[in-house]
1. I'm checking my understanding of the structure. Among residues of the range 192-220 that are of a type in the set (Val, Ile, Thr) and buried (at least 18 other Cβ atoms within 10 Å of the Cβ), which one is nearest to residue 163 (Cα to Cα)?
2. Return the pairs, sorted by first residue and then second, in which the second residue is assigned to a loop (DSSP other than H, G, I, E, B) and surrounded by fewer than 13 Cβ atoms within 10 Å (Cβ to Cβ), the first residue lies in the range 63-84 and is free of Cβ contacts under 8 Å to residues at least 40 places away in the same chain and among the acidic types (Asp, Glu), the beta carbons are less than 9 Å apart, and the residues are 6+ apart or on different chains.
Amino acid sequence: MKQQFENYTQEDFKVWETLFERQVENLQDKSCQEYLECLRELNPVLNSANIPRFEELNNVLFKKTGWTIEVVPGLIPVGDFFELLSQKKFCSSTWLRSMAQLDYLEEPDMFHDIFGHIPLFMNKEYGDFAQQMGRIGVQFKNSEDVLLELQRLYWFTIEFGLLKTTETKIYGAGIISSFSETNIVYESETEILPFNLDEIINADFRNDTIQTKYFLLESFDQLYEALNKYEERLMSLACL
């Protein structure tokens, strides 16, 4: 599949501009610096002035870290998703929400996929983490239990992770791309738990509502170390 740029409507362009400008302003004191730095680096090909052309984004992204965007029609089977991650390909749809859906959307659209996810793939260590998760998914593709654990780890890190600096900051794409959720994270009733691998891989999640529970990293190094330990555990069990 390819991005059919000529099919975008005037409403699509307005939706992209509105979402981008509003969320960039909203994220300045909420997002982790790694995300903001990557977003600035991508500014020539990822900005509010126009819907991004995937070909241009891919040129910059591949040159920096070897990642590319893989166009998909929507949600795909989890096994296929992890296989693409293992190949340094991140899935993205090409459709955009309507003006009536600006604040929250259950199914990921292009704004979520591109604005929320792609900038951090300019960060090599972050990309390596995602690729390693994909490789584990491929290696254990016949284990429903492992695939479910990986989905949970992906959900509470890449999609909805928080990072502790001097303050609590956002790095999860599901929050970064959502105006409503970006602000809800900082409300007093939100449950923010210390990052714990065992708790995460056993935690249920819902994809049809705003989250009520998040896990807070001490640093990105903690994320990478946790995945290494998880892989070592799986390999040792596989040898029994």
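Here, each number is a calculation from the coordinates, and none is a lab measurement. All of these numbers come straight from a predicted model, not from anything done at the bench. Quick reminder, even Gly has a Cβ in these numbers, built from the backbone with ideal geometry, and neighbours come from all protein chains shown.
1. Of everything passing the filter in the range 192-220, 200 is nearest to residue 163 (Cα to Cα).
2. What qualifies is 70/1.
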